[in-house]
Every structure is written in C-alpha cells, then in structure tokens.
Amino acid sequence: MPIDAAKALAAEPRSGEITWNRKDVQLYHLGIGAGVPATDPDELRYTLESRLHVLPSFATVAGAGSPGVIGGLSMPGVDVDLARVLHGGQTLEIHRPIPAEGRARATSRIAAVYDKGKAAVLVMRTDVADADGPLWTSDAQIFVRGEGGFGGDRGPSARLDAPTGEPDKVVERTIREDQALLYRLSGDWNPLHADPEFAEVAGFERPILHGLCTYGMTLKAVVDTLLDGDVARVRVYSTRFAGVVFPGETLRIRMWRREGEVRAAVSAVGRDDAPVLADTIVEHS
C-alpha cells in the first residue's frame, strides 16, 4: 500500500533550519496580488521594504514552504503519485507576529492519517520557533485520491454551518493570468500549477491556481477590510479548499464579522459563484 499509516505516524519528526528575508516576503505578497494600486500607502506596507509588515499566511511558504504539501509526501510511510494529490485544507496558529527577516527551526511530522474511503487525508503538522520562542504552528491537510479504503479512522468532520445573514463586507479580487507562475516562485513547484500536460493528466483542463494562493488572497482581504490593516491581530486562520481556481478568474470574498472572529466564503464569480474556500475562519484579537 502506498500509504502505511502506522509507519507514517511512528516516524521521527523532521527538523531543520529555515531562513527568510524581506525579498521573500515581498515576493510572496506580490504572488497573492498585493501592490495594486502600486502607490497606495496601504499596499506599500506589503511591497516596500522600509514599511514592510508580514501577512501571517506567509508562514505557509517561509523557508520555501517548510515542508509544504510536496515535502510531506517524502515522509516515511508515504509514497504516492503527485498527480493524485490535492491540498484539502490549511490551518495556521500564529503565536506572535512574523518578522520580515528571520531564522528559525521547523519541526514537521505526520500528525494524523484518515481514511475517507475513496481517498486518504494526511495531516502534516509543522511547528516553527526561533531564538525567542514559538512563531507558528501549521496543519496542512493533504488529500490523496485513490488511497483510501485501508480501514483506518475517518477522522473528524471539518464542515461548519454556513454563515447566516447578509455579509458585512463583499470584495472581488481578479487573478492575473500569470498569478500561479509568480506564486510558485515562493517555493511550491508542483507542476499542476504550470504545466498544461501535467494538469491534463491530473484531470484538469488547464493548470490551476495554488490553493494557498487563494488562502493568502483571502486573508489579505480580511485584514485590509475588517482588521484595520493590522496583521498582528490574526491569531488562527483555517480553511477547507472546496474547489479549484483558474488563473484569470475573479474571486468573490464574502465576510461576516463575529465576536473575535471573521467568517469568510470564497467563490469564482465567472462560474456561477462556484465554491472555492469554505469553512473559513480568521480568529483575531
């Protein structure tokens, strides 16, 4: 069996040093659509080194995605076809603001393996800390088609009740045709996002946008519109990837303000509001 759940869960954690600098942060911000309009003071906080603050979702690519979805597939007990892999969900817990330049130690392990019948779900947990203590904890849910049915635990349901009432804010964000090509320079080299032939083998009509790019775009919209542009207010950010996005499309991001959190739902405008991100929550101070 390509996935040996017992072996994966028993494997020793992998630990290594990661580093990042202001250029890495700026490139990530550009990859999620920051800098439009280029001279807007609010956008310059994402693009100009003298004013730079770090959107917490940068944690998903810091140190070239430590280890990210692809890195998780090289863990003991895991041997799968990359064309069968999708990122199912992502949670970030931010322990304190991420510095614009840093050196830290990332420790990763498979925290859970779930049997969803027609697919398996791996939970890759990464804890990152620097000399001053913990920075963030990342849980990536990796969905592997065709690898379920091994009699394992189905795991908890991640589905939440849909937000009710009219959203407090609705924004639209257009995705550039080259957005996936730019975003992948931050470290996620999966050819699904660039190579038409690979995308076709994986079952898509053309390359799709990284789910984590949509994830970053959504957090930026929440921070900019409902959190006064203050990245330090974000505590936990989680989502379920509910559908694909193609470069060139427009995202509609609906936001509901709740006590201590913002709920969000993201859809593709040009495909009758097809769901893209669901069960999305930003917990904040």
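Bridging of residue 23 to aspartates and glutamates at a Cα separation below 13 Å is possible for 49, 101, once same-chain residues fewer than 8 apart are set aside. When Cα extents along the principal axes in Å is computed from the coordinates, the matching label among (i) 77, 35, 28; (ii) 53, 48, 40; (iii) 135, 50, 29 is (ii).
Local charge for residue 283 was computed over the other residues whose Cβ lies under 12 Å away, with Lys and Arg +1 and Asp and Glu -1, and equals +1.
Any chance you could run the full-extension gain for residue 4 through residue 271? It's 0.36 nm times the residue separation minus the Cα-Cα distance, nm to one decimal. All intermediate terms of the calculation are to be shown ahead of the outcome.
Working: separation 267, 0.36 × 267 = 96.12 nm, distance 3.84 nm.
Answer, rounded to one decimal: 92.3 nm.
Taking residue 220 as the anchor, which lysines have their alpha carbon closer than 16 Å to its alpha carbon, excluding any fewer than eight residues away along the same chain? Leaving aside lysines fewer than 8 places away in the same chain, those within reach of residue 220 are 169.
Provide the gained length on full extension for the span residue 150 to residue 170, in nm with one decimal, where the gain is 0.36 nm per separating residue minus the Cα-Cα distance. Mind showing how you got there, number by number?
Working: separation 20, 0.36 × 20 = 7.20 nm, distance 4.25 nm.
My answer for the length gained is 3.0 nm.
What the stretch 107-160 shows is 46 Å² of accessible area per residue, with the surface traced by a 1.4 Å probe over protein heavy atoms.
State in Å² the accessible area per residue of the stretch 204-278; use a 1.4 Å probe, count heavy atoms of protein chains only, and round to the nearest integer. Don't jump to the answer; show the numbers that get you there.
Numbers: 2550 Å² over 75 residues.
I get 34 Å² per residue for the stretch 204-278.
Computed from backbone phi with θ = phi - 60° and the Karplus coefficients 6.51, -1.76 and 1.60, the 3J(HN,Hα) list for the stretch 119-130 is 8, 10, 10, 9, 9, 9, 9, 10, 9, 10, 9, 10 Hz; x is used for glycine and proline. Given the C-alpha centroids of the stretch 127-144 and the stretch 224-245, what is the distance between them in whole angstrom? The stretch 127-144 and the stretch 224-245 have Cα centres separated by 17 Å. Expressed as a whole percentage, what fraction of the accessible surface of the chain belongs to carbon and sulfur atoms when a 1.4 Å probe is rolled over the protein heavy atoms? In the chain, the share of accessible area belonging to carbon and sulfur is 49 percent.
Every helix of 4 or more DSSP H residues in the chain counts as -39500 (n - 2.57), and over all residues that averages to -5500 deg cm²/dmol at 222 nm.
The values are calculated or read from the model by the stated rules, or taken from the named source; none is laboratory data. Predicted, not measured: the structure shown is a model, and the values here were computed from it. Neighbour counts run over all protein chains shown; Cβ positions are idealised from the backbone, glycine included. Just so you know, the surface numbers come from the protein's heavy atoms only, side chains and all, with ligands and any DNA or RNA stripped out. Shrake-Rupley method; radii C 1.70, N 1.55, O 1.52, S 1.80 Å.
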